[in-house]
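Bear in mind that the values in this text are calculations on the coordinates, not laboratory data. Treat the numbers as computed from the prediction; the structure is a model and nothing was measured. In this analysis, Cβ positions are derived from the backbone assuming ideal geometry, glycine residues included, and neighbour counts consider all displayed protein chains.
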Amino acid sequence: MKNQSRVLSIILPNNKELSMTVGLKDRGRDVFSQLSELLCTSDLPVFGLSVIKDNQPLFLNLEEKLSLYLPKTWRKNTSKEKVILSLKVQYFVKNVQLILNSEARKLYYAELKGRVLRSECFEQEGLYFQLAAFALQADLGDYEERNFAYFRPQGFFPFWIVQKHGNDYILKHTPSLHRELKGMSSSEAALLFIQESFTLSDVPLTIYRLSKEKNKPHDCVLMGVASTGLQISEVLNGEQQFVYDLPWPSIHSITFQGRKSTIRADGLREKKQVLYSLSALHAKNLLQHMSNSHQLHLITKPLVMRLKEKNGRHREMYITDGADLDMEDSDDELPQMTFLLDNVQKQTTGTTECRNATEMSVDEPEEMLVDDPEDVLRLVELLEGVSVDGPFISANFSLER
């Protein structure tokens, strides 16, 4: 059967939109390769393709066909609306030196800047003004005396700060902070922005929406996956309330079966937390993301130590071209982020057993011949009742402490 073509829109972290023609049988990997060519970059190591499915963002498994994630109307070419995928950071790394590609570093900075604009760490209000100064230096260069407003507060501050203080206050006081950075390169300012943004707890993490009971999807629990572990919050009366911070060393095990996940960790009530994903597909996605994030944390940990030993202190990479990299000694070269993530994905595919790392077992269903991937998921849901006892996902990974 001919691989018919379809049109996709890709939203980049800098809010630019690209239109792409892809094949109906294409996989996520094919889209990623085409996107890399359009951006003139060899790789986008920490990024993933995200789609809104069931009103929740979902990272695509790049080895799966696009048709698993996109609506039937797109496949049948009857969609009247644009089908959109977003390029988003999937794995947050504070050590930007591990991202060697200049275009990838620029997109990484752009995403973190956007996340800061959506951040709500109310107790750290002063930090947002310093971050705005770094962003102004990175985007505009040295401060110059002007008799007019040279930036829009909404482009550098979260809405709640603009609403609290007003444009006039921000335009009066921020330029003095920007002026203090005179002489700092744009790359160094972007570097400092990235470093400081990691101190905002709601910036370097991916949020998943789950529920505490299988038949009550509106009983909302937010699971944040970060490079250092998991964060759990509850939404009560429309307000988000932080509940648990679970670094990887505190977690004993995480098990998945269908939509159901069970976390066993120090600091939890009764030492465990049971949560339910919206569907088996969402659960499988969450499992892979958590497992890869933990593996990446283990792999990059010794590299940070090498950086400290080599530089005498923990230095970060400026966001410029490759000439800024200090890679003169080939024996001391750090592996590219792409290489690290390839290793992570190999270790977490199928059944994996390794020391000081994640042990994971995913039991896949027997092969079924059906025309529509969504029908597979619906069939699984029917077989499982509420898809918490069935065979679609039955996984466990234990974290050595």
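Points to keep in mind about this one:
- Qualifying lysines (Cα of each under 20 Å from Cα of residue 182; at least 8 residues distant if same chain): 172
- Cα Rg, Dmax (largest Cα-Cα span) when computed across region 44-118, Å: 14.8, 45
- Ellipsoid semi-axes for region 34-173, based on the Cα gyration tensor and the rule √(5λ), read 35, 20, 15 Å when sorted largest first.
- Globularity ratio of region 1-54, using Cα Rg and 2.2 N^0.38 Å: 1.18
- Loop-located GluC sites (Glu not before Pro) across region 199-242 with a Cβ neighbour count of 12 or fewer within 10 Å are 213, with loop assigned by DSSP.
- Region 95-150: C-alpha gyration tensor shape, a/c 1.5 cut-off, then a/b vs b/c: oblate
- Inter-centroid distance (Cα atoms) of region 115-161 relative to region 1-52, Å: 31 Å
- Taking only the Cα atoms of region 1-106, the ratio Rg/Rh comes out at 0.97, with Rh defined as the Kirkwood radius.
- The trypsin sites (Lys or Arg not before Pro) of region 111-214 that DSSP puts in a loop, and whose beta carbon has at most 10 other beta carbons within 10 Å, are 146.
- Pairwise alpha-carbon distances in region 194-246 exceed 14 Å for 55% of all pairs.
- Counting only Cα atoms, region 161-320 measures 56, 46, 28 Å along its principal axes, largest extent leading.
- In region 1-125, lysine pairs closer than 20 Å at Cα, eight or more apart or cross-chain: 28
- Kirkwood-based Rg to Rh ratio, region 120-211, C-alpha trace: 1.01
- Qualifying GluC sites (Glu not before Pro) for region 55-158 [loop in DSSP, other Cβ within 10 Å: at most 10]: 63, 81, 145
- Listed by chain and number, the lysines whose alpha-carbon sits under 18 Å from that of residue 272, ignoring those within fewer than 8 places in the same chain, are 212, 214, 260.
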